[in-house]
Amino acid sequence: MSYVADVGALARKDLLLELRAKETLPSMLLFVVAALAIFHFALPRGAGDTAALGLLWSALIFTALLGLTRAFVAEREQSMFDALVLAPCDRSAIWLAKALAVLAFLAAAEVVALPAFAAFFSGIGGRTIAAVALADVGIAAVGTLFGAMAVAGRARELLLPLLFLPMAIPIVVGGVGGYLWFLVLYDAIFVILAWATFEYVVAEI
Amino acid sequence: MSGSPPSEWQYVAGAYTVVFVTVLLWIAIVAAKLQRLQRQLAELVEKARVRDG
Amino acid sequence: MTPRLKLPVLAACSTGLLGLALALVFFYAPTDADQGFSQRIFYFHVPIALTSYACFGWGAWKALRYLRTRDERADTESYVAIHQGVMFGALTLVTGSIWAKASWGVWWSWSENQLVLFLVLFLFYCAYFMLRFSVEPGSARANMSAVYALFGVVLIPVSFLAIRLSQKFIHPVVFNSHGPQMAGSQFLTFCVALAAVLALFATLYQVELAGKRIDAHLRELRELLT
């Protein structure tokens, strides 16, 4: 039970920090709407619904990157990593808490992005919403782990997109194609892998 | 040389040449590294000699 | 076989196999009925691709060993294997591109699943090096590299599946890539070429490892002497 309590405490910390600072989420919201607007101009006339859907997913991935880049910055700047790692909790709890917080941010951003997309382009089906939800899990899981890696190095903001985008390709395929079973598979595989390997990533930062 | 589009055998030759050249390049890099290692080793042997001698 | 013999034997084997493979490709294998002479690129293109997978798999295995044993040598071995994998991967992309141009007149085809997969993997493993360059050498870097290598090897089948799925909404599949079953002589040539490229990898791998080990020893020696 204490594992769950740890996760809850850490996740609440992240969410409260954001509620006070109000930096990450507003940026993500603004970014996703701006990106969708740009994509509208990037689409040639007569492009089908699938093309527009592809651009929605692109916008979501890049918005997620924006959020992820911010996810560990607070810890890094205040050297909280050492404190967290010394805390008497399972290190994977740190990952889980952070991933849940990221998930919350993504969901909040999509609450705005999806209606915006529906307004700018065409309607959203239930399948797309389900795909987005499933994709969020994968993005949060993988992005949180890679975010921790990226923050440990010198080139932080530059490194995270490089690490994350190849992993995001299957997510985009699953999303645009509506292959929900594939997204579930992706999530299952990488959530387990991330959960198992996170302790090595923060072992000695 | 044939001016118009390369014939098939030229593509094949091109592909194999690329592989060959890549391996050669790799060998060259390793050779350079070996030279550097040799030089460093010689320096260290000198240092050891000075120390003992 | 003592370690000292291993490398020369390996080098001799790969030289022999490569020579044999080249001879078979150009003098023994028949010209393919469907794809003509340019099909011969395939005899090295596919073994190079398979060897690349082997490199990434080997690198992931060594990465796992590192996480278990914390032995710095495992980290070096993982790094060298992945480094080789990227080299062979780049060669896969180049030879595949030349083959595409020879067969279909275009330098790239999104319908070729293997090529697209290699593009994704190439991007992924290049980022591996960016990661390594970005972190100071030490156990933190080794840990992260190892975890990343594990993600990479898991990504291979996931990406392959994704790319196959994507073909349904990207492009109608226009080109017929590998044609019908290979004839016996073609298969033999292919197997020899595969063995040759794998032997080449093994040789390059051992050479690079030896170089890195010597580097590490020299560094240690320098510290002891100064």
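No value in this document is a laboratory result; all are computed from the given coordinates. Bear in mind the structure is a predicted one, so any value in this text is a computation, not a measurement. With ideal geometry, Cβ positions are generated from the backbone for all residues, glycine too; neighbour counts draw on all protein chains shown.
Annotations
- Relative contact order [Cα under 8 Å, 6+ residues apart], chain A, whole percent: 28
- Eligible lysines near C:K62 by straight Cα distance, threshold 25 Å, same-chain separation 8 or greater: B:K33, C:K6, C:K212
- In terms of its alpha-carbon gyration tensor, segment A:88-205 comes out prolate; a/c meets the 1.5 threshold, and the first ratio a/b outweighs b/c.
- Rounded if a/c under 1.5, otherwise prolate or oblate - the protein assembly as shown, Cα gyration tensor axes: oblate
- Efficiency of FRET from Cβ geometry, C:R73 and C:L225, R₀ 22 Å, rounded to 0.05: 0.45
- Computed over chain C: relative contact order in percent, which uses C-alpha pairs under 8 Å that are six or more apart: 35
- Calculated [θ] (222 nm, deg cm²/dmol) that DSSP helices of n ≥ 4 give over chain A, each run adding -39,500 (n - 2.57): -29500 deg cm²/dmol
- Partners for A:K98 among lysines (Cα-Cα distance below 18 Å; same-chain residues under 8 apart left out): A:K13, A:K22
- Helix-only mean residue ellipticity at 222 nm for chain B, each DSSP H run of n ≥ 4 adding -39500 (n - 2.57), per residue, nearest 500: -31500 deg cm²/dmol
- Relative to the compact-globule estimate of 2.2 N^0.38 Å, the Cα radius of gyration of chain C comes out at 1.15.
- Of all lysines in the structure, those lying under 30 Å Cα to Cα from C:K101, and not within fewer than 8 positions of it along the same chain, are C:K168.
- Net charge contributed by nearby residues that have their C-beta within less than 15 Å of C:L218 (K/R +1, D/E -1): +3
- Calculated [222 nm] ellipticity per residue, helices only, for chain C: -28500 deg cm²/dmol; basis is -39500 (n - 2.57) per DSSP H run with n ≥ 4, divided by all residues, nearest 500.
- Cα gyration tensor category, rounded, prolate or oblate, for segment A:106-159 with a/c compared to 1.5: prolate
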